[in-house]
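Read-outs: derived from the displayed coordinates by stated rules, not from any lab. All figures in this text were calculated on a predicted structure; none of them were measured in a lab. Cβ: placed from backbone, ideal geometry, glycine included. Neighbour counts: every protein chain shown.
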Amino acid sequence: MDIRLREAAQKGDVHHLQGLIKEVHFLLSTVSLAGSNETPLHIACLSSHLEFAKEIIHLRPEFARELNQDGFSPLHIAMANGDTEIVKELLNVDRNLCLVKGKDRRIPLHYAVIKGRGHVMKELLVASPDSAEEVTARGETCLHLAVKESSV
């Protein structure tokens with residue numbers, strides 16, 4: 001990924017992003033070709049930059065499904081940060097993002113349970129009630145994980 005794009009994402013600088021896109025029209029198209037799998041949306045979610053995340057979602061909604069090198073989607077990352085507003089934005093793109101399996105076949109709800117992020121769990125369950133039945137690579141449901149992590 002272009003270092004200027006990475007820096008804009010880390011700072012949440014939407015104006016810089018727009019300037020870069022005007023300068024290099026195909027900038028966001030080359031992100032997936034760079035080999036790293038990390039997109040500006042992953043970085044924006046990691047840094048909790050809501051406005052930057054909204055702009056990237058608008059420009060390249062397909063980035064919402066990408067897994068980074070650690071096996072996490074932007075929704076996994078936003079959920080881990082407890083960032084309800086970014087979670088809502090991502091779910092507005094596609095409610096089925098709740099079912100994207102990441103590392104160890106865990107969906108964002110599994111991590112929300114493990115981390116005890118009740119406010120995010122609610123958003124995920126409203127968006128996809130069936131996600132509660134999804135199992136991890138070890139065959140664990142959300143209930144199994146809650147008991148295991150003493151989140152109940």
Which whole-number percentage describes the relative contact order of the range 13-152, with Cα contacts under 8 Å and a sequence gap of 6 or more? 17
Test item: Cα-centred dipole of the range 1-96, Lys/Arg +1 and Asp/Glu -1 on Cβ, debye: 100
Arrange the following residues from fewest to most other Cβ atoms within 10 Å of their Cβ: 109, 28. 28, 109
In whole Å, what three semi-axes, largest first, describe the equivalent ellipsoid of the range 3-150 built from its Cα gyration tensor (square root of 5 times each eigenvalue)? 29, 14, 12
